[in-house]
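Novice: Dropping a structure here in structure tokens format, bear with me for questions.
The values are calculated or read from the model by the stated rules, or taken from the named source; none is laboratory data. In this text the structure is predicted, and so the values were computed from the model without any measurement. For neighbour counting, all protein chains shown are included, and Cβ atoms are generated from backbone atoms with ideal geometry for every residue, glycine included. Calculation scope for accessible area: heavy atoms of the full protein, side chains included, ligands and nucleic acids excluded. Shrake-Rupley method; radii C 1.70, N 1.55, O 1.52, S 1.80 Å.
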Amino acid sequence: MLRIPRIFTVRHPSFSHLLSVSVTVPFRGNLLVLMAPHDSMVAEYAKSNRSTCKACSKTIEAKVLRLGLVSKGKGGYDVVKWHHLCCIPLASDSHSSPEAIKGFSSLKSIDQEALKNLFAENDKSEEKVHKAKKDVQNEPQGTEEPDSKKIKLCTPDVKTLVKIDFSVSIVMSKYKDATLLPKWKAFQTVIFLERDDGLHDSSKIAAFDFDGCLAKTAVNRVGADAWSLMHSSIPDKLQSLYNDGYKLVIFTNESNIERWKNKRQVAVDSKVGRLNNFIEKVKVPIQVFIACGLGKSGKANTKEDDPFRKPKPGMWHLMEQHFNSGIAIDMDQSFYVGDAAGRESDHSDADIKFAEAIGLKFYVPEEYFA
């Protein structure tokens, strides 16, 4: 069956030019896009970084899972169009299982599970978007502004996608005037750990805040060694999650890096040094994202919160879209742990609001690490 994606885009003011929110609604119309049935697909790990995703036009890195749509060329030979896992177009009317994909049996179990989740989510979303489309079509005509139908589709029943324009060409080895330690890079107002040795991307994400959650720190103490474990059970707990196939990710705010213009290198070395030492202490591979931007309440009197600063979900979307090898995330098994839960003794509610914005289960550290 032939399908066409119609995309409604709603710009969110908090994300300005960096991000856009889109809802894709499959329907039959004048323009036709052939969506491949499952049995014309092939799955394998990229042998090099020379292939490009036909959907997003970005490089598929070596050893990353890629899916190919196979068709016959003019000479009768097979033509394969490669895609990231998250970019592959799925047929709405095909009843084949993901196990029918050529090469499925050779994949790692974690990637097999990611494929199964992708196909399951596609089946669910088909039902949801058709319901949303029917609701829109049943709305009275001529009584609303043109954009009201677009917003109508952006409900919890329809999966929205916050797209982040990311390119390797704009990744820097410095954050403004501060030099970063090896393996650390900067993108916009985010500093991230490029790839910790042994880190495996996964459909299951165990996400954590850093200060006050994993590490005990103080605002009046600076330096790579100015921290201690928040709970003694943390190393064993993280190791257990890693052994169970979870990818461990830290999402942490650090506005001092932006505010300390005359001491930015000190702020960077202190935060990055603590994170490096923490990872070395727990002996588990961890992915890290540091939001350096300011919030509206900061002394800089900014008009809008930085889109990557918690509770904004920008760091999560950056990880999901560009740092998880295209693997669909299982939201039922993933979770987030943070200390800023809006309680009377908490400094803010940024962590619980961050989890709510993404749709993750939330725990406070004293509960999770008890």
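Novice: Say the cut-off is 26 Å between C-alpha atoms; which of Lys163/Lys361; Lys63/Lys174; Lys63/Lys185; Lys81/Lys183; Lys58/Lys204; Lys47/Lys283 go over it?
Specialist: Lys63/Lys174; Lys81/Lys183; Lys47/Lys283
Novice: Please work out how much length the chain gains when fully extended from Lys296 to Arg343, using 0.36 nm per residue of separation minus the C-alpha to C-alpha distance, in nm with one decimal.
Specialist: Result for the pair: 14.8 nm of gain on full extension.
Novice: Same structure, new question: When the solvent-accessible surface of protein heavy atoms is calculated with a 1.4 angstrom probe, in what order do Asp236, Asp339, Asp351 fall, highest first?
Specialist: Asp236, Asp339, Asp351
Novice: For Lys74 and Asn49, what is the calculated FRET efficiency with R₀ set at 41 Å and r taken between the beta-carbons, to the nearest 0.05?
Specialist: 0.90
Novice: Sticking with the crude label model, points 7 Å out along Cα→Cβ, report the distance from Ala218 to Thr59 in nm, one decimal please.
Specialist: 4.6 nm
Novice: Another question, then. Arranged from highest to lowest average of other beta-carbon atoms within 10 Å per residue, in what order do the peptides 64-74, 328-338 appear?
Specialist: The densest-packed peptide leads the list: 328-338, 64-74.
Novice: Dipole of the range 237-312, Cα-centred, from +1 at each Lys and Arg C-beta and -1 at each Asp and Glu C-beta, to the nearest 20 debye?
Specialist: The calculated dipole for the range 237-312 is roughly 240 debye.
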